[in-house]
Structure formats: structure tokens, C-alpha cells
Amino acid sequence: MTILFTLHPSQSQPSQPHLQPEAPSHAGSHRDIRFRASSFDWRSVTQRYPVSSIRPLPTSQPKQFSPVQHVFSGYVHDIATQSRQRAVRAAFVRNWDSYKKYAWLWDELAPVSAKGRNTFGGWAATLVDSLDTLWIMNLPDEFHQAAAAAAQLDWANTTETAANLFETTIRHLGGLLSAFDLSHEPALLEKARELGNMLYMAFDTPNRM
């Protein structure tokens, strides 16, 4: 089941992303990641069903339980493993380069037409969703280039009147938080906070569900 929530106030915006959809240079990126606030602050919206009280987080020590995860055998970093790692990384880089060339700042790349399209609000879903992968695969220039663009996203700049709560949470909010957890870039956390304030309004219902 797809859960949508209405975006308000409604704004008439261009169908293109907020930034110009031009592929960046491959010459490397600066590392001055600057946060730019969205044009609308969702904290300013008066809630119809405000929370009367908030249950505080527990302060006691958590109970210890036996782990349920499988215990894998020792990792072998042999030639075959290294070859597979390089193949996976090369496949990712190839697809990332295609996204940069043909669909930079769009939600996704249409592989047949080689054009960008927006399916999740026009907030560069592929870019945000790939931040942690760029970091994990040791692509620092690509990461900082994408992170700098993500820090400029404007959540109010969309032609949609509703947002997919599930997809926006896992792709955009999850992407920003995981990238911040890995890189400790403050701008990514600030952008995640903005989005969290918007998504929080989806729970402004009588039963807060």
C-alpha cells in the first residue's frame, strides 16, 4: 500500500529540479559543503492535532539479549574476492557516470531514452540514495560533489501536491542520515532535519498515525 501525504501550501513550480540539471565536471569536487535552507519551513505550520504530551526516552540500561545474527566464517581477501569487488565498483561507477551525464539532479535515469525523470517529488532521489554508497566505495570526489548538491535541495520546490511517505523516508531521509553518519558533514544533517519536519506533518491526524 502506498501512503501519500498532502504537501501544503501548494506552489506552482517548474517541472525541472531546483538546480540546473547539468552534469558536473569530472575534474574533482571542492569540499566546501554549504547548507541552503529550503524556501518553506514546515515548523511554521500550525498542527491541527498537536501532541499533548511526549513520552520521554528511557534512561535505564537496556537488557542484554543473545545475538540472533549468523556468525560468518573468517573473511578471505583473496584474488577472487578482490576481483569481484572491483567488478561491483566498476558497475556502480558506470551507472553513476550515466546518471551524472544524463539525469543529474533528477530523481532517476530512464535507461532507454537516456533522459532524467522525476518520480519522487523531483528531489534528486538517485543522488541522495547513492550518497552512502559513494562513501563506502571510496569515491570521495564523487561523494562531495553529490553531497554539495544534496545540501542545496529545496523541499518546497516540487510540482507534486502529495509525497510518497514511505519512499521519501527511506530514500531521502535515510540517504541523508546514513551519509551524515559516515561523513559527519553537518550540512547533510541540517537537510535531513528539514525533511524530517516535513514528513512529521504526515502524522498530524487525530490518532497521530
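Under 18 Å from ALA37 (Cα atoms), free of Cβ contacts under 8 Å to residues at least 60 places away in the same chain and not hydroxyl-bearing (Ser, Thr, Tyr): does that describe ALA150? Break it down into steps so the answer makes sense when it comes.
Values: under 18 Å from ALA37 (Cα atoms): yes; free of Cβ contacts under 8 Å to residues at least 60 places away in the same chain: yes; not hydroxyl-bearing (Ser, Thr, Tyr): yes.
Criteria met by ALA150.
From the residues in region 57-86 that are among the aromatic types (Phe, Trp, Tyr) and under 30 Å from MET137 (Cβ atoms), which one is modelled with the highest pLDDT? So the residue we want is PHE72. Of all residue pairs spaced 6 or more apart or on separate chains, those with beta-carbon atoms under 8 Å, a first member in region 131-144 that is not in a helix (DSSP H, G or I) and a second member that is not aromatic (Phe, Trp, Tyr) are MET137/ARG89; MET137/VAL93; LEU139/VAL93. Residues of region 154-179 being in a helix (DSSP H, G or I) and surrounded by fewer than 15 Cβ atoms within 10 Å (Cβ to Cβ), which ones? Scanning region 154-179 gives PHE166, ILE170.
Looking at region 103-138, which of its residues are of a type in the set (Gly, Ala, Ser) and touching a helix residue (DSSP H, G or I) at 6+ places or on another chain (Cβ under 8 Å)?
Pass one, region 103-138, residues of a type in the set (Gly, Ala, Ser): 103, 110, 113-114, 116, 121-122, 124-125, 130.
Correct list: ALA103, ALA110, ALA114, GLY116, GLY121, ALA124, ALA125, SER130.
Going by the conditions given, is TRP106 out of contact with any His (no Cβ under 8 Å at 6 or more places or on another chain), buried (at least 21 other Cβ atoms within 10 Å of the Cβ) and not in a helix (DSSP H, G or I)? The answer is yes for TRP106.
The values are calculated or read from the model by the stated rules, or taken from the named source; none is laboratory data. All values derive from a computational prediction rather than experimental measurement. Positions of Cβ are backbone-derived with ideal geometry, glycine not excepted, and every protein chain shown enters the neighbour counts.
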